[in-house]
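What follows is a set of notes on a single structure, which appears directly below.
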Amino acid sequence: MTSPESDLSLTVQELSHAYEELSLLYRLSEVFSCMSIEDICSRIADEAVTSIGVKTAAVLCMDENADKLLTRTSRGDWDNSREFPRDEEILWKVIQAKKPSAFCRLADTEHRNYLPAHRSLMVCPLIGKTRVVGALVVADKEADEEFFSSDSKLLMAISSQAGLAIENALLYAELESLLVGAIRSLVKALEASSCWTAGHTERVTEYAVGIGKVMGQPDDIVEKLKICALLHDIGKIATPKEILNKNEGLDEAEWTEIQRHPGLGAEILVELKQFKDIILSIKYHHEHWDGQKGLYGLKHEEIPLMARILSVADAYDAMTSDRPYRKMLSQEAAVKEIERCSGTQFDPSVVKAFLVWIRSFSPRRRVSLP
């Protein structure tokens, strides 16, 4: 018969575990919603190590064909290059059963040679709303302790939130890939109408993304910048082909017509409500930093950052490509022109990032630039 003090101690301990589990669930639900798959997996591994007190943690995800598990991230002693094809071993048994399993002395089991570097192991499936997306593995508690039921509950708490978050992130990535693919197809159709613009959009996208990364922009802004760059000339779909393909210089009326394309692009995309910042960046990507020669008279920070980045990327590609009315400039001459226009046509901070990128990171860099 237990004493009242013992019962109270057990109750306090259970309440403490329950509070820890609820706090963990709340914390994870708050942060997972805005994370990429890589960030989610990294956070899961960190939480597993900290919450359960293990030396090793690994997050494994299904490959596209769901016939093997690949490591997305790990902490401690784990071989990130190892793949786990479908078999009858620990990981796949846990996934098929859809419930966690623990082995406090792995060497005493039939699975002793599966992960021989570890003394103890606990595995929990990562279950989304509609499918199992992977598994969370933890190994070797500190001080060689055994796994307890409270550890299993915590790992399940982490896994339940992580499975839903990873599935959502995977669905978002699939939708984004579908969207970008559709955009690329649309852009190819546009570029096919002009013999002078083939490849322009892809190059501008490469430059703009490179500049954005040098500027330290977060992943979500870089992804928006990619879409913005891919669509920046979509308004030219309404520009007469005879203007786009003219072999000599444009007259004033023709220049006026072609300068309409940023605004036309914004009008074409206006129904895409979730693209509001992208649409505004397309509309204003020909604005000048000093506000003197832009189409809408915006200046400085009134111009969206993505538009300012796009302006430099677009101008550089235009200068280093042949046009019907002039031959392309050399890379050196184009870079000098970008520098010369810093503070007037272009945002100086964007130019600075462009110079770092073009001199250090550009895969198209053919010569040593000044």
Item to check | Residue satisfying all of: in the range 146-178; in contact with a helix residue (DSSP H, G or I) (Cβ under 9 Å, 6 or more places away or on another chain) and among the acidic types (Asp, Glu); nearest to Ile90 (Cα to Cα) among these | outcome: Asp151
Checklist entry - Out of (1) crowded, with 17+ Cβ neighbours inside 10 Å; (2) in contact (Cβ under 8 Å) with a residue 40 or more places away in the chain; (3) outside any strand (DSSP E or B), what's the single condition that is false for Glu146? => result (1)
Checklist outcome for this item: Of the conditions (1) at pLDDT 90 or above; (2) buried (at least 20 other Cβ atoms within 10 Å of the Cβ), the single one that Gly76 does not satisfy is (2)
Next on the checklist: Can you report the number of residues in the range 149-171 which are free of Cβ contacts under 8 Å to residues at least 24 places away in the same chain and over 16 Å from Met62 (Cα atoms)?
Outcome noted: 1
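Which one is surrounded by the fewest Cβ atoms within 10 Å (Cβ to Cβ), of the residues in the range 211-257 that are more than 34 Å from the chain's Cα centre (by Cα) and among the hydrophobic types (A, V, I, L, M, F, W, C)? Lay out the reasoning, then the answer.
Of the residues in the range 211-257, the ones more than 34 Å from the chain's Cα centre (by Cα) are 240-257.
From what's left, among the hydrophobic types (A, V, I, L, M, F, W, C): 243-244, 250, 253, 255.
Working: Ile243: 16, Leu244: 20, Leu250: 15, Ala253: 8, Trp255: 11.
Only one residue tops the list, namely Ala253.
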Next on the checklist: If a residue must be of a type in the set (Ser, Thr, Tyr) and touching a Leu at 6+ places or on another chain (Cβ under 6 Å), how many such residues does the range 289-319 contain?
Outcome noted: 0
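For residues that are within 19 Å of Ile303 (Cβ to Cβ) and modelled with pLDDT of 90 or more, tally how many sit in the range 318-344. Give the steps one after another, and end with the answer.
Within the range 318-344, the first condition is being within 19 Å of Ile303 (Cβ to Cβ), and the residues that meet it are 318, 338, 341-344.
This time we only want the ones that are modelled with pLDDT of 90 or more, so: 338, 341-344.
Result for the range 318-344: 5.
Return yes or no: is Ile40 in contact (Cβ under 8 Å) with a residue 12 or more places away in the chain, out of contact with any Lys or Arg (no Cβ under 8 Å at 6 or more places or on another chain), among the β-branched types (Val, Ile, Thr) and within 16 Å of Val138 (Cβ to Cβ)?
no
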Item to check | Qualifying residue in the range 195-210 (condition: buried (at least 18 other Cβ atoms within 10 Å of the Cβ), in the same structural domain as Ala334 (by TED's automatic domain parsing) and either modelled with pLDDT under 75 or under 30 Å from Ala48 (Cβ atoms) (or both)) | outcome: yes
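The values are calculated or read from the model by the stated rules, or taken from the named source; none is laboratory data. Worth saying up front: this structure is predicted, and the values here are computed from it rather than measured. Positions of Cβ are generated from backbone atoms using ideal geometry, with glycine treated the same way; all protein chains shown enter the neighbour counts.
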